[in-house]
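Here's the structure, in structure tokens; my notes come after.
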Amino acid sequence: MMINDEFNQALIQKIQDLLPSGKTRLQLLTDTISLGKEAAYRRLRGEVLFTFEEACKIAHKLGFSLDGLMDAPAVENNPEFRLTFLPVKTSTGGHIEDYFSSILSEHKQFGEKINDPKMLTMGVFSYIPHVMFFPYPNLLRLEALMWSYQSMNTPIKLSEITLSKEYEEKFKALGFSLTNAHKQVFIFDYFIFYSLCRKIKYFYDLNYISKEEIRLITTELEEMLSALEMKASIGKTQSKKDVWLYLSHLTFNANYTYAQGTTFERSYIEIYHLNSLVSSNPLVCEAHKKWIESYRKYSMLISAGGEKERKGFFKLQEQFIKRFS
């Protein structure tokens, strides 16, 4: 299906705004929608209209919403979110790989942009953001267990969930990339580890997790906590990028994230376990960023400072972990 000329011109202008270099624009089209150079030039000159499928691929690659190319007043009055769904299957075990594959796919585009020198990520978290689980295979399996429990007609035990070495390495690489943005601002709920520990105990009491698996999970949680404490103490990531970690004096009911780069702006609200409401609408992103920043007023900075409060926070999280292990 071809898009109309007005929309096509708006799409061309958006590409030009985000990619000032003509060579880069040409590369985008040849790589993203598999066009030859002449076909790409004809589209950029407006001689041939983009198809709707091509427009969708370009928007996804550059990280903007096609809604923003529509009539401005209509967009302002009704800014839209996109709901990203993980696969929901009703049968058991065999679809866990689809689950892991979907998580990797959903975060791949963001991971490709993380080296942008202007990349900023901000978030307020009532529970541990799942990207922090990526370096830890047993915690990844635990999240898959929680997803299966809510999504499958017949839930499965943790022992039935496997993570291949290939996926394990992919998650570790992506996790390292995602946690090394140029600038990061994180605001944590003071009891952020408590909610996860309660869930682990719940599944253990239901015999979905064994004692040995509890030991493995505990070890990884302690490793995660130690790595987070090290990052907070120096205010830097492993690749020497800035991190501002705050503790909130208020509570919030979900995880909210904002990301902005040179050609990328997104807002995320996590719902339904690991699914997210996503928007690249400028009005939504501006409001989302301001809302997250407003929480700084009610929070205490503990990275590269606030030593007493920082030690107290990590000591409490350690107690939460030991309480169920």
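The values are calculated or read from the model by the stated rules, or taken from the named source; none is laboratory data. This one's a predicted model, so the numbers in the text were calculated from it and none came from an experiment. Don't worry about glycine lacking a Cβ; one is built from the backbone with ideal geometry, like all the others, and counts go over all protein chains shown.
Annotations for the structure displayed:
- Among the candidates Ser151, Ser248, residue that is of a type in the set (Gly, Ala, Ser) and out of contact with any strand residue (DSSP E or B) (no Cβ under 8 Å at 6 or more places or on another chain): Ser151
- Given (1) in a helix (DSSP H, G or I); (2) farther than 23 Å from Ser102 by Cα, number of the condition Phe176 does not satisfy: (2)
- Matching entry among Lys231, Lys240 (being buried (at least 16 other Cβ atoms within 10 Å of the Cβ) and over 18 Å from the mean Cα position of the chain (by Cα)): Lys231
- First in the stretch 177-199 and more than 30 Å from Asp116 (Cβ to Cβ), second anywhere and surrounded by fewer than 22 Cβ atoms within 10 Å (Cβ to Cβ) and among the charged types (D, E, K, R), Cβ under 7 Å, 6 or more apart: Cys197/Arg323
- Qualifying residue in the stretch 168-182 (condition: of a type in the set (Lys, Arg) and touching a Ser or Thr at 6+ places or on another chain (Cβ under 8 Å)): no
- If the condition is being farther than 23 Å from Tyr190 by Cα and modelled with pLDDT of 95 or more, then the stretch 212-241 contributes Glu212, Glu213, Ile214, Arg215, Leu216.
- With respect to (1) of a type in the set (Asp, Glu); (2) at pLDDT 85 or above; (3) in contact with a strand residue (DSSP E or B) (Cβ under 9 Å, 6 or more places away or on another chain), the lone exception for Glu168 is condition (3).
- Test: residue in the stretch 29-36 that is at pLDDT 85 or above, surrounded by fewer than 18 Cβ atoms within 10 Å (Cβ to Cβ) and closer than 30 Å to Ser267 by Cβ: yes
- Every listed requirement among (1) modelled with pLDDT under 90; (2) under 30 Å from Tyr202 (Cα atoms); (3) under 17 Å from the mean Cα position of the chain (by Cα) is met by Val278 save one, (2).
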